[in-house]
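Rule-based calculations on the coordinates, nothing more; no lab input. Owing to the predicted nature of the structure, the values given are computational and were not obtained by experimental measurement. When we count neighbours, we look across all protein chains shown, and the Cβ atoms used for this are built from the backbone with ideal geometry, even at glycine.
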There are 2 protein chains.
Amino acid sequence: MAKKHEEVMELAKRRGFIWPSFEIYGGVAGFYDFGPLGSLLKNKIIQKWREFYVVREGFFEIDSPSIVPEEVLRASGHVDHFVDAMVECQKCGSAFRVVDLVLEQTGKGIEGMPKEEMDRFVKEHKARCPDCGGELGKIFDFNAMFRTAIGPGSQRVGYLRPETAQGIFIDFKRLQRYARGKLPFGVVQIGKGYRNEISPRQGIIRLREFTMAEAEVFFDPEDPRHPRFSEMAREQLRLWRAGDQIKGKEQLTEVTAEQAVERKVVCNELMAYYLALTNRFLLDLGIPSEVIRFREQTPEQRAHYSSETWDAEVSTERFGWVEVAGLAYRTDYDLSRHAQFSKEDMTIFSADKKRKVLCHVMEPSYGIDRPLYCLLEHSYVSEKRKYLRLKKELAPIEVGVFPLLNRDGMPEKAREVYESLRLKGFMAEYDDAGSIGRRYARADEIGVPYCVTTDHETLKQNDVTIRHRDTMKQIRVGIEKLPDVIKKLLNDEIEFDKAGKPIETTSK
Amino acid sequence: MAKKHEEVMELAKRRGFIWPSFEIYGGVAGFYDFGPLGSLLKNKIIQKWREFYVVREGFFEIDSPSIVPEEVLRASGHVDHFVDAMVECQKCGSAFRVVDLVLEQTGKGIEGMPKEEMDRFVKEHKARCPDCGGELGKIFDFNAMFRTAIGPGSQRVGYLRPETAQGIFIDFKRLQRYARGKLPFGVVQIGKGYRNEISPRQGIIRLREFTMAEAEVFFDPEDPRHPRFSEMAREQLRLWRAGDQIKGKEQLTEVTAEQAVERKVVCNELMAYYLALTNRFLLDLGIPSEVIRFREQTPEQRAHYSSETWDAEVSTERFGWVEVAGLAYRTDYDLSRHAQFSKEDMTIFSADKKRKVLCHVMEPSYGIDRPLYCLLEHSYVSEKRKYLRLKKELAPIEVGVFPLLNRDGMPEKAREVYESLRLKGFMAEYDDAGSIGRRYARADEIGVPYCVTTDHETLKQNDVTIRHRDTMKQIRVGIEKLPDVIKKLLNDEIEFDKAGKPIETTSK
């Protein structure tokens, strides 16, 4: 069942997408490196996210520190509420997150259950230490923020941010001036978030340090509309409502964004808009619609700051449904708390309404690492041959360049072609190891959409072959036209079959 | 003298380039936020750096965690050597970095001086507490890494990385396989670095959390050549040699990269190549050549891992010469230490030499925040009018869109133009506040290269004016051609004067 996961992770490690961190020192759970291909893919996912939120939505991007002094996180509620129920083995001393341990041993999800009930539940189900089988102690809260001290001594406590959002909220006074009082306006931040997991056991899915892309949309609570809602109104959504989950019903509510608002399935138009936008983003990455759903968190599961939360989930073979984004209606919780704790005025003088407004916040918050893993799993094809069916604009390497044979001037010519493509800004890779078939196979498994080969004819006619990853078809194109053709192919401006002279034989 | 700094920082704060972090809670020294314009500018600087190192040099980019377990940093020498000499006031308890305090009170640089000598120096010069005038205590070492604990309890010590480089070195086994044994090869990482400064007093220049872009070039010590050295051979360098500094000579050695190697001013060809590339990068950002120099660190100033270090420095009005990049010849120090501490084989089987090689490392390491500040200072023009003479490709906002007047359909048309430019991916800004003159002035001071205005003629002829920031000249261009013209202007593909119909009057 989880064979695909093993294959994808083997590929990811071998080819340089994802590596366990600190491997030569035995590794540390909850940390992964992105290798050369993983970094390229990650940067392309971030790029696409920016196209959605910075270019299209017109949101402002900021960049604030990952170290945050305690006052901020006391005001935000994280010092009190960003906790995990934890339990230690009384025999071997190993520590576990109760929710994970219970899920592993009973298959039951108890997220959000009060501590006393958890204690009873663990006893009733006779949960034991998964490492040594020993008896478990009493459940207690563990604050999941990484703690540090700013400056010498330990007088000034700081934490690594659990979310990038707080950096935006505390800049609200500056930001509303930047927005010149126009509502709604949105602010984004892309960067590291941290969660000091107790004992993470789910590889790339449960990280202690992760990259997140968060948007905070500030709006007048009396006017929770999106100016371009009509563009998203007909987007189909697959929603799993909290009420249905509580009743044990697996069935999804399938509605358009517009219907979700009309039928009050979601709290307001902004929520529906960003559910639809998130859906479109995931589809645009190349994740199939049938493995995407939105799950409403039950009141017990919701974070302290949210009055309604929908998790975008993607189904995976190994980890089941994985949360890749969360959409939270944070109300005026954060701005009110910071106003109270900092004694600063956190209202905005609305340019349209000519009055002071205490903004409410809609938050679409995305992970970057998890969608990346989901994308690898869902792009991985292993039928007759293995290849990654990544969308062209996401492929880490855009074009491979090979000599057909390592003689007769073919490698020199291929090198020339490779260098000229690099200098034009293409992410090209040169490969002359093994047979041509092995090189195509190596390019296929990392999703290179086009491979260029120099052969005997190249030296006579100054042209090359281009091979298409998905169809394995080939065409011949003159070298002087090559960069332009590759560019147009990558941008879907021309069809492959019409981009050059077709070749009948796919191998020589 | 430092008036320019004050003006630039006022502008940076008011318009959203740089904000003090945690401002509503009184701020914390050593932390700055990048606001919407600052983030755009920072991303563009990073983009340019990637063009140099990832696209042009063909280096591999990786992304590893900012939290690093202690073993790694013990092997790297940072647990022992990443320390600052510190002194506390015996009266008020304030803590200071000795080197900063001495520089402030005596004008003397004592970086690298042994602790005992520092103690004597401070006594002889009668240095006092800058806060209360109290007497200072004994000097001691303070480890400047932020410390934290990974997982519950404090059994596993971790630190926030002082450099991104270690994430690369410990991945060497994976990376050399990715490079298929071909030397030299380079690996880069862009991300946060941390230094828990004792009492930072230099604003944006001395940060506790900063963005860095580091490259590690692995090479055979018997062959320290760069395959494309000829491209850099004639680049002019202004070098301040360590020997001259020790003798108190201010004079610079002005040589080409080639001469620097021949005359043994630098240790090898790779060092000369990356000095030249760094020089070109800084020039390409728009920093004038006369304010760039390379200063060789004296043996006492060098980090524990380096046998030769050159700092790229930029002269500023407020902070004097500021280090913006460091080029260190790290020899085999890091790979040897990690081999020793991890017991792993850190050699590479060279594909060319057919033998095992313990690589040496050349490291070009860049800050991103400091060049950004230097760029603002050196782009700031305040003659008859104030404007930022940023290069077009670095300008955070590429095009401003204004209605000449807020009536007669001009705002609606301007909005349309603005939306269509955004959807085509241009970083456009709409502004209809105040007079047209005020709008141009606001665009000028953030460096917007082109401003588009809709006016009475627009409604009749469907064309707009484009105004050029530097010359204030205007041309008229048809709306349907506008995106194409703006794109070509931004890419320097057409001259402004020839891009449309010139307009005689610059204001109406």
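In peptide B:171-183, how many Cβ atoms from other protein chains are near each Cβ within 10 Å, on average? List each step's numbers first, then the result.
Numbers: counts 9, 1, 3, 10, 4, 0, 3, 6, 2, 3, 0, 0, 0.
So the per-residue partner count for this stretch is 3.
Mind checking B:53-66 for the average number of partner chain beta-carbons within 10 Å of each residue's beta-carbon? Let's see the in-between values first.
Values: counts 0, 6, 7, 3, 1, 7, 1, 6, 9, 9, 11, 10, 13, 6.
The per-residue average across the peptide is 6.
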- Task: Rank the residues B:Cys359, A:Cys451 as a footprinting-exposure proxy: fewest other Cβ atoms within 10 Å of their Cβ go first.
- Result: B:Cys359, A:Cys451
- Quote the FRET efficiency, to the nearest 0.05, computed for B:Lys108 versus A:Arg74 with a Förster distance R0 of 51 Å and r equal to the Cβ-Cβ distance. 0.75
- In degrees, nearest ten, helix A:269-285 long axis to first principal axis of chain A (Cα): 30
- Item | Folded to 0 to 90 degrees: helix A:369-379 orientation relative to chain A principal axis, Cα | 40
- Query: With +1 on each Lys and Arg Cβ and -1 on each Asp and Glu Cβ, how big is the dipole of chain A about its Cα centre, in debye rounded to the nearest 20?
  - Reply: 500
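What FRET efficiency would be calculated for the residue pair B:Glu495, A:Lys424, taking the C-beta separation as r and a Förster radius of 25 Å, to the nearest 0.05? Please list the in-between numbers first.
Values: r = 23 Å, r/R0 = 0.94.
The pair B:Glu495/A:Lys424 has a calculated efficiency of 0.60.
Segment B:424-495: which trypsin sites (Lys or Arg not before Pro) are DSSP loop and have at most 15 other beta-carbon atoms within 10 angstrom?
Working: sites: B:Lys424, B:Arg438, B:Arg439, B:Arg442, B:Lys460, B:Arg467, B:Arg469, B:Lys473, B:Arg476, B:Lys481, B:Lys487, B:Lys488; in loops: B:Lys424, B:Arg469, B:Lys473.
Here the trypsin sites (Lys or Arg not before Pro) that fit, given the DSSP loop and packing criteria, are B:Lys424, B:Lys473.
Just rank B:Met472, A:Met271, B:Met86, fewest to most, by other beta-carbon atoms within 10 angstrom. Write out the running numbers ahead of the final one.
Values: B:Met472 14, A:Met271 25, B:Met86 21.
The fewest-first ordering by Cβ neighbours comes to B:Met472, B:Met86, A:Met271.
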- Task: Compute the separation of the alpha-carbon centres of segment B:281-324 and segment A:67-111 and state it in Å as a whole number.
- Result: 47
- Applying the gyration tensor rule to the Cα atoms of chain A (axes a ≥ b ≥ c; rounded if a/c under 1.5, else prolate if a/b exceeds b/c, else oblate), the class is prolate
- Two-site FRET efficiency, B:Phe229 against B:Ala149, from Cβ-Cβ distance with R₀ of 51 Å, rounded to 0.05: 0.60
- Computed over chain B: longest principal axis from alpha-carbon atoms vs helix B:436-445 long axis, angle to nearest 10 degrees, is 20
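Kindly put B:Ser64, A:Ser94 in sequence by how many other C-beta atoms sit within 10 Å of each C-beta, fewest to most.
Working: B:Ser64 25, A:Ser94 16.
The order, fewest Cβ neighbours first, is A:Ser94, B:Ser64.
Please report, in cubic angstrom per residue, the volume enclosed by the convex hull of the alpha-carbon atoms of the protein assembly as shown. Intermediate results must be reported in sequence, preceding the final value.
Numbers: hull volume 199.7 nm³, N = 1016.
That works out to 197 Å³ per residue.
Peptide A:67-75: average number of partner chain Cβ atoms within 10 Å per residue?
Mean shielding by partner chains, rounded to a whole number: 4.
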- Return the lysines within reach of A:Lys126: Cα separation strictly under 25 angstrom, same-chain partners fewer than 8 residues apart disregarded; answer none if there are no such residues. A:Lys91, A:Lys108, A:Lys115, A:Lys138
- Task: For segment B:397-503, just the Cα atoms, rotate onto the principal axes and tell me the three extents in Å, largest first.
- Result: 35, 30, 28
- Task: Starting from the Cα-Cα distance between B:Cys132 and B:Asp284, subtract it from 0.36 nm times their residue separation and give me the gain in nm to one decimal.
- Result: 50.2 nm
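Based on DSSP H runs of at least 4 residues, each adding -39500 (n - 2.57), what is the mean residue ellipticity at 222 nm of the protein assembly as shown after dividing by all its residues, to the nearest 500 deg cm²/dmol?
Values: 34 runs with 314 residues, N = 1016.
So the helix-based figure for the protein assembly as shown works out to -9000 deg cm²/dmol.
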